[in-house]
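No value in this document is a laboratory result; all are computed from the given coordinates. Computed from a predicted model, the values in this text were never measured in an experiment. Positions of Cβ are backbone-derived with ideal geometry, glycine not excepted, and every protein chain shown enters the neighbour counts.
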Amino acid sequence: MPSRNKISRRKFIGTTTAVSATMVAAPFVRTAGAAGKLAIGFWDHWVPGANNATKTLVEEWAAKEKVEVQMDFIPSQGNKLILTSAAESQAKAGHDIIAMSTWLPAEHARNLEPVDDVMAELIKQNGNVNPTVEYLGKVNGSWVAVPATVGSQIKGPCSRIDLMKQHAGIDVQAMYPAGQKANADGWTLDVFLKAAEACHKAGYPFGIGLGTTADNVDTAGSIFHSYGAVLVDANEKILVKSDPVRQALDYYKRLMQFLPPDVPAWDDSSNNKWLVAGKGALIMNPPSAWAVAKRDAPQVAQQLWTHGMPAGPKGRFAPFVNYFWSTWSFGKNKSAAKSLLAHLSQRSSAEKMVAASGGYDIPSFEKFQDFKTWEEESPPQGTLYHYPNRHNHQVLSVAAAPAPHKVAVQIYVQGLMTKMAVRHFQGEAMEKTLAWAEGELEGFMRS
Amino acid sequence: MVDAAISAPHEVAATRSRGGLRRAMQRKSSVAFFMALPLISLIVLLVIYPAFYSLHLATLNKSMERFVGLSNFTFLFNRQTFWLVVKQSCIFAITAVVFKALIGFIVAHFVHNIPAKGQRKWRGMLLVPWVIPPAMSTLAWLWLFDPSYSAFNWVLAIFGIDPVPWTGDAYWARFSVILVNIWIGAPFFMIMYLAALKSVPEQLYEAAEIDGANWWQRMWYVTLPMMRNIIAITALFSLIVTFANFDIVRILTAGGPIDMTHVFATWSFRVGIEGGDIPLGASVSLFMVPILAVAAIFILRDITRRGSEV
């Protein structure tokens, strides 16, 4: 029996076009499709009360869009965020939106919903993102995650104004004056080394860790970048046996003699404790140590100034750690998820999040580097003015870039650069260290 | 007649089956099985299934999309860091088990010789390191060893001794993780050996004494042979658990400095979970299974043989 519903070619094309147009427009307009339920797994902010800003923003959006939301705040301690995303990726079930730290979007890319449409709109509105955000959030030319304000941070120097002036003759406030552009052309890695030596002699060594946790690896990454030292390039070519890498290792060897002797065992809390306890003149950290000092050691906090990195032969590179918000491709309410991601990335939303975190969070978009919070936070007044990269004073970088993600994540997680520095410092010949690193890198190439 | 002839075997079979079921239900072993069923289900769900799943994972490629057989293991065999981890795991487990056994044996003798009245108090106190969750007690040790604020170094400084880099130097770090493992595990050996000591009949010692045996001969010819099975089984269990240790190393050194304290579990976590290479992580954690299984078979066979000789 012949079918009674005959569909002409013209009608089929017309219907398909209409459906496609609706699908593309859906994330940005309130439609019936944007309703329903949405489960979100946010990163649990360590700053007390900082989660509230995110919670309020989501609830406002949910009330407007008539979406039922369920929010979980997942801590990064104990790798809970990594484990949750790994479990959800395997089970193909879980939250609709989930926060992901630095390397996770690339790791789970095949299970993530592309967000090119959201990012195109956001970049148009909020300005460009820096190349490191693009490197981490884009896989095969497609955005797989939206850069999150919450959790993203720059790990530049946080110095003691008094100790740097007294022992190293460096006025960090004059180099990085509040409310003005940086005046730091003379702030180079050589000057940094001399300052480290002077402060070490005075009994206040710089607190730069050389363990394998993120703070240690991030600092090593930026110093390597400052020398143009790349371990693996974007085409998977191993470049470890190169002069820039030798120069970076040699610099670390000279620097390490002025650091506390136990830095190979430092984790991410060691540098904070070092500064808050008044034992050192400088650490590399976002303003979390300053925030703790404000509460526990106000006399130390009054002397802290967060500022830019020293420049190396190839430029001034600051460690930048980015967090992302992603939506799973198996999510049940993708249009609502995209709509929420766009809402959380508006200027007003980012400003509220930055304020709630006391200036700790750094949004990725170009036009979001001038919020009042960084001007107003104190003591001392203007201490965070130069925390964001507001005058494009430095290049925001991530350790192990530009290696392909699968290699870079291993370099980063295994702390290859800090291990190289420690091995060489402890007496291993340069070429032997490089040969060992080459062997490790060959292992990281596996697919 | 024909109908009756046909239906009779069915009825008999059904009656027999019902009776068989009733008899099976009345058997003590069946009742025991059903009572243990919830626990068995839990073990199947939480131990056996994950074990087989990890075997399956170990045969996949990095992106877990392709079966690669034993390639992950052959890849590991060519990695310098893997052999470093094998060496360290062996040093960690063997040293820790030997010292736990030695300390447990000595302390068990001390406790055994305490008069019965005060013995319970001592037994309770000596068990404390073993009953505290290791993650908690290791945190306390971490503060004692803290790179910058070590309480031990503070005490050493009072006597004018230079600070020791407990977790900052590779060899001191190895010493520290082994020390904490011994501190946590020695009470288990102590309590097992104490139980074994108490089960040695007093008459054997009396007979040995009449024969003129000295302390050492009584120990060698009476105590040790009577404790042999307990020593073997305790050492085996402890070896397996120590090889699989994760919490102590993870909390104290996280495998550092420069990978010099990694054991199988911590390196597997670093590679598999933190590094996003779950199949390789599973392969690392499974590497010891066949070796420990063979060791277990030999030790348990030896124990069974001695049991049947007795």
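Data overview
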| read-out | value |
| --- | --- |
| For region A:136-148, Karplus couplings with θ = phi - 60° (6.51, -1.76, 1.60), whole Hz, Gly/Pro x | 7, x, 10, 10, 6, x, 10, 5, 10, 7, 9, x, 8 |
| Partners for A:K273 among aspartates and glutamates (Cα-Cα distance below 19 Å; same-chain residues under 8 apart left out) | A:D162, A:D215, A:D218, A:D262, A:D296, B:D146 |
| Average Cα contact separation per residue, chain A, under 8 Å, 6 or more apart, as relative contact order % | 24 |
| Inter-chain Cβ neighbour average for residues A:210-222, partner chain, 10 Å | 2 |
| Acute angle (nearest 10 degrees) that the helix B:224-243 long axis makes with the longest principal axis of chain B, alpha-carbon atoms | 80 |
| Fraction of antiparallel bridges per DSSP, chain A only, in percent to nearest 5 | 60 |
| Relative contact order (percent, whole number), region B:132-275, Cα cutoff 8 Å, 6+ residue spacing | 30 |
| Most mobile listed residue (B:L300, B:L37, B:L70) in chain B, GNM with C-alpha springs under 10 Å | B:L37 |
| Over chain B, relative contact order from alpha-carbon pairs under 8 Å, at least 6 apart, % | 24 |
| Share, in percent, of DSSP beta bridges within the protein assembly as shown that are antiparallel, nearest 5 | 60 |
| Degrees between helix A:50-65 axis and first principal axis of chain A (Cα, 0 to 90, nearest 10) | 20 |
| With Cα atoms, 0 to 90° folded angle of helix A:214-226 axis to chain A main axis | 80 |
| Region B:92-150 and region A:332-388: distance between their alpha carbon centers, rounded to Å | 51 |
| ³J(HN,Hα), Karplus 6.51/-1.76/1.60, whole Hz, each residue of region B:123-134, x for Gly, Pro | 4, x, 5, 5, 7, 3, x, 7, 8, 6, x, x |
| Given A:K37/A:K406; A:K332/A:K352; A:K253/A:K432; A:K194/A:K279, the pairs whose alpha carbons are separated by over 24 Å | A:K37/A:K406; A:K332/A:K352 |
| Test item: A:259-271 mean partner chain Cβ contacts at 10 Å | 6 |
| Cβ crowding within 10 Å averaged over residues, with B:251-259, A:207-215, A:340-348 ranked highest first | A:207-215, B:251-259, A:340-348 |
| Three-way shape label, chain A, alpha-carbon gyration tensor, a/c 1.5 | prolate |
| Cross-link pairs A:K181/A:K294; A:K165/A:K367; A:K80/A:K237; A:K55/A:K372 - those with Cα-Cα distance over 28 Å | A:K165/A:K367; A:K80/A:K237 |
| Cβ neighbours within 10 Å from other chains - mean over A:406-415 | 4 |
